[in-house]
Amino acid sequence: MPAKDRLFGRLALNHPIILAPMANASTPALVAAVSNEGGLGSIGAARLAPDAITTAIREVRAKTNRLFAVNLFAPLPVIVDAAKIETARRLLEPYYREVGLDEVPAPPVKPPYCFDDQLSAVLDEKPPVVSFTFNLLPVDAMRRVRASGAMTIGTATNVAEARALEEAGVDAIVAQGGEAGGHRGTFIGPFEDSLIGLMALIPVIAGAVRVPVIAAGGIMDGRGIRAALGLGASAAQIGTAFLGCPENSAVNPVYRANVLDAADKPTTIVRVYSGRYARMIRNRYVTEMSAHEASLPAYPVMGALTQPFMQAAA
Ligand SMILES: Cc1cc2nc3c(=O)[nH]c(=O)nc-3n(C[C@H](O)[C@H](O)[C@H](O)COP(=O)(O)O)c2cc1C
């Protein structure tokens, strides 16, 4: 059976559209709306505490009987570099003051969530699909997800990652082109080597693996979806284009207006928010902080340092 039919069958899709999981930037109402329309909604659960994950899944279930996905960030080693933390705290101080906050979080800086607890919260609710990005899942986590009966979707930005994901047993692979909004999923090689445009990435990944490929990055309408399918993808995973939807109250009005009006605004890939490279609209913070990028701590420590500022600035 062709990969596209397999994916449509497993996900009960009427349309080749997957709402990208967007941590902190989508709502259960949006997830359910996409599933109800015959696409696949995805809960971006990576930045949620375990009890909030349970609540989000139950909210989606209350609004749809159709399938949906829950997405987590695969765990990465936490590197605590005291000098980089101090540099970041010093650089962040004026921004904290500007939005009316006093204290940049003090060491020990702890990411607010623990992957194993998040995964347990996800699996307790038995979601039909679990997707992830940033890495392979640890072997034991992968075993637990597959034992739960959930379909698994991993994220690749190059052929080596796609092959590694297939070998690890995923059921489908998101091919994330360099155009994609949000974090880069790269886990093999430097991220700069894997900013491959989606037009080039889809056919090489589709040619290298047997599992269905889902195209992500810069797809904004039916023309992009058609192009992705023509190149060998089985569906499109779309993020940015859903940010402005009325069901998406997670996106505040200023951010929404900024995205809807972004046609000629530059986007750039920086790691000044979370410590991990992500594509975002350039703003004053991005421009100023990027000058110090090499001195900043890695993900997820930088993310823990910027979190209160990001919330207040929003
Ligand atoms: C605001 C935002 C948040 C995102 N958060 C996640 C996430 O939590 N997990 C994930 O796997 N991908 C995340 N992504 C990346 C998407 O899965 C996808 O690769 C991307 O949205 C595709 O590009 P597009 O935004 O141009 O459609 C995010 C993207 C955006 C725009």
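The values are calculated or read from the model by the stated rules, or taken from the named source; none is laboratory data. On a predicted model such as this, the values are computed, not experimentally measured, just so you know. Cβ atoms come from the backbone with ideal geometry, glycine included; neighbour counts cover every protein chain shown. Each accessible area value is taken on the protein alone, full model and side chains, heavy atoms only, with ligands, DNA and RNA left out. Shrake-Rupley method; radii C 1.70, N 1.55, O 1.52, S 1.80 Å.
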Checklist entry - What percent do you get for the relative contact order of the stretch 191-252 when only Cα pairs under 8 Å and 6+ apart count? => result 30
Item to check | Signed unit charges on C-beta, dipole axis of the stretch 1-110, positive-most listed residue Ile18, Ile85, Leu72 | outcome: Ile18
Item to check | Within the accessible area of the stretch 117-212 (1.4 Å probe), percent carbon and sulfur | outcome: 54
Checklist outcome for this item: Given the candidates Pro107, Ser131, Gly230, the one whose Cα lies deepest towards the positive end of the charge dipole of the chain, counting +1 at each Lys or Arg C-beta and -1 at each Asp or Glu C-beta, is Gly230
Checklist entry - Which of the lysines could a cross-linker bridge to Lys84, judged by Cα under 20 Å and excluding same-chain residues fewer than eight apart? => result Lys110
Checklist entry - How large is the charge dipole for the stretch 243-314, taken about the Cα centre, if only the Cβ atoms of Lys, Arg (+1) and Asp, Glu (-1) carry charge, to the nearest 20 debye? => result 120
Checklist entry - Peptides 149-155, 263-269, 245-251: what's the order by average Cβ count within 10 Å, highest mean first? => result 149-155, 245-251, 263-269
Item to check | Beta bridge orientation in the chain: antiparallel %, DSSP, nearest 5 | outcome: 20
Item to check | Given charges at beta-carbon only (K, R positive; D, E negative), |dipole| of the chain in Debye | outcome: 540
Checklist entry - Roughly speaking, what is the centre-to-centre gap between the stretch 119-181 and the stretch 232-308 when only Cα atoms are used, to the nearest Å? => result 23
